[in-house]
Each structure stands twice: as C-alpha cells, then as structure tokens.
Amino acid sequence: MEGWAIATGIAARYVTAVLDAPEAAAHQAVLLEGTPNELVYQSVPLEPPGTVEITMTAEGEPLAAAECEILDAPLIAAGGEQPPVVLRALAADARGTCIVTLPEAKYYLNIAARSGARVQNLPITVIAGRNAEMAIHLERLIIKGVIQRGSVPEPDAEVSIVPLVDHKTAGEAIATATTDALGRYEAIVWSAGEYRIAVTNADGRPGPATVMQLGSASSNLDFNLPQEAIKGSVHDPDGVPIRLATVIWRDDQASYQTVTDDRGAFFFDLAPASGIFTIQREGYLAVDRDLPTAETPLADITLKPLPALRGSVITAAGDQVSETLVTTYDPTIDLSPLGTVTTGPTGEFALPAKPTGTSRLFASGTRCALLATIVRPGERATLVCPSQEVSLSVIATDAKGAMSPNTRFLLRQDGIPIPARVLTDHLARRGIRFTTNTQGRLLLSGLAPGFYELLSADGAVLAAVPLPESRAVHVIIPIQ
C-alpha cells in the first residue's frame, strides 16, 4: 500500500475501491493530481487505532457477561434510513469490562445484561494511539402509572418506552409493561435521558404517547384513553377493501400511524383536538382528511388507483435488461414511492405515476447503473443503461481537517434529486452503506455518467462534479 497508484480510464474505479477495502483500513488514498483520463493517488498511513476499556456496573454490581455492541452510528427508528453497522460484538468479563480497539472516531455502545438492563446509543470517542478508560454506572429508574378509559381501568394495555436521540425516536423499545386488572403498569429503564412513552390497547390500536425526560428519580405518568376511538375503512372505487394502507395522523407536535387490516379497517385510540389524517398505499393516490367530527367522520375512504406508466430498460446496444428495480416518485414527496417493480426477461415494466404533472423515474440493477429521469403523463419511458458506469469517491472532514465518519449526503443527478431510499437501496446491492466509514470515506459506485451535485441534509450544495464515462472522481468535502 505504500507509494503511488496511477489509474487510467475505467481502472480508476477499481483503484478507489481497492484503497477502500477493509485490509487497507490503515491507509487513506490522497488524490495528488488528475487529468480527464488519469487520476494519481498516494497511499498515506493513517494514525494508529485507539483502545477504550469500558467497565459497566448496575446498582454497584459488575455486569459480568453483558453483551457489548459497538455501532458506527446511533440506532434509528425503522424507516427509510439504513441501519448502523455492528463493528464489534463481545461479552464483558467477570469485572463487567469490554475492551475495544478501533480507528479514531465517534462510536455508539449498546448494552444488554442478563439481568434485563438495556441501554442504547451511549457515545464513545476513540482517540488514535491512546488507551482510555470509561466507567458506566447504571441505576434503576422506575416509571409507573395508571391507564384508564374515562374512570374505568384499562387492563392488558401495553406501554412501550423508546429512547430518543436528538429528539428523534431511536431504535426499539428498551422497556415494556402491561397493565393489570386495575390499569396499573410499572417499567424500568437504566439510564437518564429523553424517552417516548406510548400506549397500545389490548386490541392493538395505537393510543396516546408523550415525550418525557427521565432523571435520577422514579417518575409517574398516567394516561386516559378516549371513550370513542377514531375509526374508518379504506377501499378502492369498486368497494374492494385495501389492506395494509398506511393511515397517519399528525399535528404540529406529534404523529401516529397504523395500517388497515384485511377488511380495510383502521382504529386510533386518540382524541386529538387538531391535526390532519393522511391515507396512502403504494399504487394509489394519497388522500388527506381533516380531523373527523360528528358531521364529517372519517368513515369510508376511497383511494383511486394511479395511472400506469409503461416502459422498458435496455442496454446501449438495444438488448433487454432484466432484474432491474424501477421506481416512480412524486417530485414533491421523497418519503415513499408511487410504485416499485422489477423488470422481467423482456425488460418491460408498468407501475403507477402521477395522473397530472411529471413523475420522477429511477432504475438500478446489477446490470444497469443508477438512472434518473422525468416522465410526463402518457409518455412511454425507455431507460438506456450506459455501457460504462462511473463512481464518485468522497472524503468528509470536519473544520479542523479530521475525518468525519457517519456522514450522509443528498445527491442530484443532472438536476434530479435522488431519494435517499433509492440511493440507499442502490448502494446496498453493491455492499456499500450510504454513510462515510470510520475514515470519513464514502464510495458512490454504479452511477450513470452525468453531472452530480452532493448536498448536505439541509439542501446546501457541497460539491458539483461532472462524471464522464470511464471516470472515477475523488472529492474532499469539509463539513461545518
């Protein structure tokens, strides 16, 4: 790995990939110069890794044999974002100690003890070349209360407690409890912090939830469920129930969601004073409804099928391309696609599109680079996979020039924003995560030639890069 590497033409893609390989983790590739057809890198040794000795106790007793997981990013709620990678998984010794050696970066620790103590997303900082000690002392925090419907106790309701990171739901519930015949519950958490406490009734209907800061003392939290649940049903224009439609209620403070059952029915154990309901299902036009009243209940909701967009995926030579994932999006909504389909042997596809205005169309597969285009109603789309793919290698640094791990970017291809879900799935099929690694590096491979813009999470343009055929480009981006 010492010395120089000169890459010409398409070979430049592979130099970038090799320098990113795990066995090359002790080095970084520095681009010295580049011409339209030649890139010159130098391999430079990184700083040595650091070691952290983590000693854990719960109420004064060592957490012997506790499971330690070291992650490259915090656990997040289920959704479009890619989950973090478990870098180390080990068991504590008799002293409750786990020892980890990793390159310099910020990591996150999850603890699961045999006693039931669980903690998520504890930050750990590893400093290159240093041995550090970290003591974690867990104390039992009790949260309890009573759940009633009016003045009547609500038995068999479930209370779930989920930690928050940066005021956002993170990971799974670390504690749950079920109410007894008198509606009482009691749950235990093992670290102070901000949590979301939510209620689900015995029938599985989502109920009220609140965010609470838990400190060093026990806390009391009661819930009162409404006498009448908000309910309705979803069907198509022929009256056929639509199962697994997502129903979301939201206001300025919170949001709740559920899905329809086999009869198309949904329920909320809520009595909100304001807000909007959104009912959506892939392949159908989403519907927004105001808060129901006695005069305007949700009742029956009809979702209309979206019109079909038809097309094909072919090579530059005109050959059909199968096993390519094709997705349509509303240009104003990046959260969920209008439709998704995989091409068959003929390369043909048909999937929903907007009935008016334009739709964004994306394609990606092992035999096709990531493509983005805009289609109009009634158009037939022909997606041509380029004969050569291109790649973009990124290094993110902080204001002092140090590598910035776990950084995410947004991407535009020829002016078309690529949804995070599309880019994440595209890279996952190539075994790449859509965050910078512990050395602040990210390889965006399998792209179609074009003009690319890298953007921050708030939409600021960080870099604009033309990527012609047979070219890999290396970019260093300072993150403020």
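Whole-Hz Karplus ³J(HN,Hα) for the stretch 303-316, in order, using 6.51 cos²θ - 1.76 cosθ + 1.60 and θ = phi - 60°, x for Gly and Pro?
9, 8, x, 6, x, 7, 9, 10, x, 8, 10, 9, 7, 4
Determine the order of 235, 426 by accessible area, beginning with the largest, at a probe radius of 1.4 Å.
Heavy-atom accessible area, descending, gives 235, 426.
Under a crude label model (7 Å from the Cα following the beta-carbon direction), how far is residue 465 from residue 263 in nanometres?
Here the modelled spin labels are 5.5 nm apart.
Roughly speaking, what is the stretch gain from residue 65 to residue 429, that is 0.36 nm per residue apart minus the C-alpha to C-alpha distance, in nm to one decimal?
The span from residue 65 to residue 429 would gain 127.5 nm if fully extended.
Once amide H atoms are built 1.01 Å from N in the peptide plane, which residues 5 or more positions from residue 311, or in another chain, come under 5 Å H to H?
The list, which skips near neighbours in sequence, is 349, 381.
Which loop-located trypsin sites (Lys or Arg not before Pro) does the stretch 311-412 contain, where loop means any DSSP state but H, G, I, E or B and the Cβ has at most 10 other Cβ atoms within 10 Å?
Hits after loop and neighbour filter: 380, 400.
Before anything else, pin down the relative contact order of the stretch 166-319: Cα pairs under 8 Å, at least 6 apart, normalised by residue count, whole percent.
It rounds to 18 percent for the stretch 166-319.
Rounded to the nearest 20 Debye, what is the dipole magnitude of the stretch 326-480 about its Cα centre when Lys and Arg each give +1 and Asp and Glu each give -1 at the C-beta?
Approximately 240 debye in magnitude.
Show me, for the stretch 417-426, the HN-Hα J-couplings you get by feeding each phi into the Karplus relation (A = 6.51, B = -1.76, C = 1.60, θ = phi - 60°), rounded to Hz, glycine and proline as x.
Listing the rounded values in order: x, 9, x, 4, 5, 5, 5, 4, 5, 4 Hz.
Only four residue types carry charge here, +1 at the Cβ of Lys and Arg and -1 at the Cβ of Asp and Glu. Report the dipole size of the stretch 240-357 about the Cα centre in Debye, rounded to the nearest 20.
260 debye
Give the lysines reachable from residue 304 as a straight Cα distance under 17 Å; neighbours fewer than 8 places away on the same chain don't count.
354
With a 1.4 Å probe and all protein chains kept in place, how much accessible area does residue 130 have, in Å² rounded to the nearest 10?
150 Å²
Given the options 219, 233, 209, identify the residue whose Cα lies farthest towards the positive end of the charge dipole of the stretch 205-261 (+1 on Cβ of Lys, Arg; -1 on Cβ of Asp, Glu).
Value: 219.
When the solvent-accessible surface of protein heavy atoms is calculated with a 1.4 angstrom probe, in what order do 329, 284 fall, highest first?
From most accessible down to least: 284, 329.
Name the residues whose placed amide hydrogens come within less than 5 Å of the amide hydrogen of residue 285, ignoring near sequence neighbours (fewer than 5 apart) on the same chain.
For residue 285, whose amide H was placed from the backbone, the distant partners under 5 Å are 304, 306.
Hey, what do the phi angles of the stretch 443-459 turn into as Karplus ³J(HN,Hα) couplings, whole Hz, using 6.51/-1.76/1.60 and θ = phi - 60°, x for Gly and Pro?
Per residue, the Karplus-derived 3J(HN,Hα) values read 10, 9, 10, x, 9, 7, x, x, 9, 10, 10, 9, 10, 6, 4, 8, x Hz.
For labels at residue 86 and residue 291 in the simple 7 Å Cα→Cβ model, what's the distance in nm?
Between residue 86 and residue 291, the simple spin-label model gives 4.4 nm.
At a Förster distance of 51 Å, what's the computed FRET efficiency of residue 224 paired with residue 132, Cβ-Cβ distance as r, to 0.05?
After rounding, the FRET efficiency stands at 0.60.
For residue 154, which sequence-distant residues (separation of 5 or more, or a different chain) have an amide H within less than 5 Å of its own amide H, given hydrogens modelled in the peptide plane?
When sequence neighbours closer than 5 places are left aside, the close amide H contacts are 147, 148, 149, 183.
The values are calculated or read from the model by the stated rules, or taken from the named source; none is laboratory data. On a predicted model such as this, the values are computed, not experimentally measured, just so you know. Glycine gets a Cβ as well: all are built from the backbone with ideal geometry, and neighbour counts include every protein chain shown. For accessibility, only protein heavy atoms count, side chains too; no ligands or nucleic acids. Shrake-Rupley method; radii C 1.70, N 1.55, O 1.52, S 1.80 Å.
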